[in-house]
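The values are calculated or read from the model by the stated rules, or taken from the named source; none is laboratory data. All figures in this text were calculated on a predicted structure; none of them were measured in a lab. When we count neighbours, we look across all protein chains shown, and the Cβ atoms used for this are built from the backbone with ideal geometry, even at glycine. Heads up: the accessible areas ignore ligands, DNA and RNA and are worked out on the full protein's heavy atoms, side chains in. Shrake-Rupley method; radii C 1.70, N 1.55, O 1.52, S 1.80 Å.
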Amino acid sequence: MSTLNASDMSTALRPPVDAAPHPAEASDQFRLSPAVKATIRLLVVDDDRTLREGCASVLHAEGYNVTVCGRGDEALDLVRQRKFDVVLVDLYMTPASGLDILKATLETNRDTIVVVMTGNPSVQSSVEALRQGAWDYLPKPFSATHLEVLLGRAVHAIVVARHTQGMRLELLRQNGNSDKITLLGVSPSFRKAVELARKVAATNASVMITGESGTGKELIAQFIHHHSRRASRKLVPINCAALPEPLLESEIFGHRKGAFTGADREKPGLLETANGGTLFLDELSEMSHPIQAKLLRVLQDGVVRRVGSEQQDAVVDVRFISATNRDPHEAVSRGALREDLFYRLNVVPIRLPSLRQRLEDIPLLANHFLTFYWARHRQRGSVMPKLSEATMEFLRSQPWRGNVRELQNVIEHLAVLAEPGQSVEPRDIPIYDAAQVPAAAAEGYPVLEGVLDDAFHAAKDRLVAHFEKEYLARLTVRAHGNMSRAARLASIDRTTLYRLMEKHGLQRARLTGTLE
């Protein structure tokens, strides 16, 4: 229940001197026509009459279709009988609570955006509201500008969703059970993760995907985006571990002309590029603390300030999906990840199992990859090889430390080398097993001669350097000198690939596509 009195309300709805600009001034995307605004149905539920009527006055002035309610039980009847686009509800209501109203609203119409107001904000209550499906929460007291900015973002999301709905339904009809993104697997642990992704896709909740490298975290992010109300807008990915801090900040937030050496023009960041869509933050725990703090501000109010700017440059409406191959709780405990950012991004956690935990999916995945890469690398009409039962058992027995990505690379290698119509046996599978290293050394494998007599770090550096050089040489040959394709095959970005090649003195030959 709100504890604000009349004087508090006048303060809460009076824009402060340093308030953020009106959303229409901050971003042209929020300038909706009066006709569109009139179609937006809002419900304000609060037992504080002053706050309730103050909010309604501000929203009426903006041109929205507003209904007010002062009792929780009456609000339950309203949301069950009528369809609202946005419900603004106090968390502590009587005789029905704000969470009760939230649940009833989403049960009636899951596309309704619910914003929870609370005069006693806490991490536990706010996170619980978000887990139950709230779009955002609004701590009291709040200014009229804060209310307008938040509702502007919500309404923008509704307009995008209306535009997307027809396209989304048509894509679902055309793609049937494939759901636009191929997610192969029958194991219970994997299907559980997929079903959770399907459920959360229809909401605006932030999602944090965890799992070992190569388990398909970005594919799940694509699945969520393409099944969301934002499917007609962009999914913008960024690898937080691939860029140094200054460049990462510029990529995410953009920069002003002259902000640093080489900034010869205005550059919008990926947050502005993803406006109305989804931003995928891969390897989140590698992001520096200053950037995390700046990102938290965007999560809270949608306001973006570019590098080198002294003003707020844009207001964005972005859904956040993050991923990490480390334990996020451990990252918080050791200080690598801010706790407040973690709570904002970890509203719905999805854990992807390793390939070792879904052995029943290996035959399905192996045959799928073989079909795909045989069609890519071979002439039409050539007979595809067949994986024997012994080969399937061999594949199931492997540790697959690189998970699905490693299996994918092994099968592509096989598709390139196998003979048409061949029955593929275990000896034909290009698997590197670390347990075989001593045997290789005993057979005179050159790089290992004497290496085990060196100091640990010297031996490790020697082996790693040899592996990197050999891997890059073969990778570039496989990609026929195409660095973009080589980076995709290795599942690394081109910047990392070029850095490794420079480290080992390797260059692309202009004509042959081999390494000099």
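With the full set of protein chains in place, find how many percent of the accessible area of segment 180-315 is carbon and sulfur; take the probe as 1.4 Å.
Values: 2750 of 5290 Å².
Roughly 52 percent, rounded to a whole number.
If amide hydrogens are placed 1.01 Å from N in the peptide plane, which non-local residues have theirs closer than 5 Å to the one on K386?
Under 5 Å from the amide H of K386 lie the amide H atoms of Q422, S423, V424, each far enough along the sequence or on another chain.
Run the accessible area of segment 113-152 with a 1.4 Å probe and give the carbon-and-sulfur part as a rounded percent. Walk me through the intermediate numbers first.
On the way: 630 of 1270 Å².
In segment 113-152, the share of accessible area belonging to carbon and sulfur is 49 percent.
What lysines sit close enough to K294 to cross-link, taking a C-alpha to C-alpha distance under 19 Å and skipping anything fewer than 8 places away on the same chain?
K267
Tell me which lysines have Cα within less than 22 Å of K469's Cα, excluding those fewer than 8 residues away on the same chain?
Answer for K469, where 22 Å is the Cα cut-off: K460, K503, listed by chain and number.
Determine how large the accessible area of D493 is when every protein chain is in place; take a 1.4 Å probe and give Å² rounded to the nearest 10.
Answer for D493: close to 50 Å² accessible.
In square angstrom, what is the accessible area per residue of segment 224-286 with a 1.4 angstrom probe? If you can, show how the numbers build up before the last one.
Numbers: 2510 Å² over 63 residues.
On a per-residue basis, 40 Å².
Under 17 Å Cα-Cα from K103, which lysines qualify once same-chain neighbours fewer than 8 residues away are excluded?
K83, K199
Would you grab the residues whose amide H sits under 5 Å from the one on T67? Only those 5+ places off in sequence or on another chain, please, with H modelled 1.01 Å from N.
Amide H neighbours of T67: L42, L43, V44.
So how much accessible area does V36 have, in Å² to the nearest 10, using a 1.4 Å probe?
Estimated to the nearest 10 Å², V36 gives 50 Å².
How far apart, in nanometres, would the label points at Q132 and N482 be if each is projected 7 angstrom from Cα along the Cα-to-Cβ direction?
Inter-label distance under the simple model: 5.3 nm.
Taking amide H atoms as placed 1.01 Å from N in the peptide plane, list the residues 5 or more away in sequence, or in a different chain, whose amide H sits under 5 Å from that of S322.
Amide H neighbours of S322, under 5 Å, 5+ apart: V207, M208, I209, L281.
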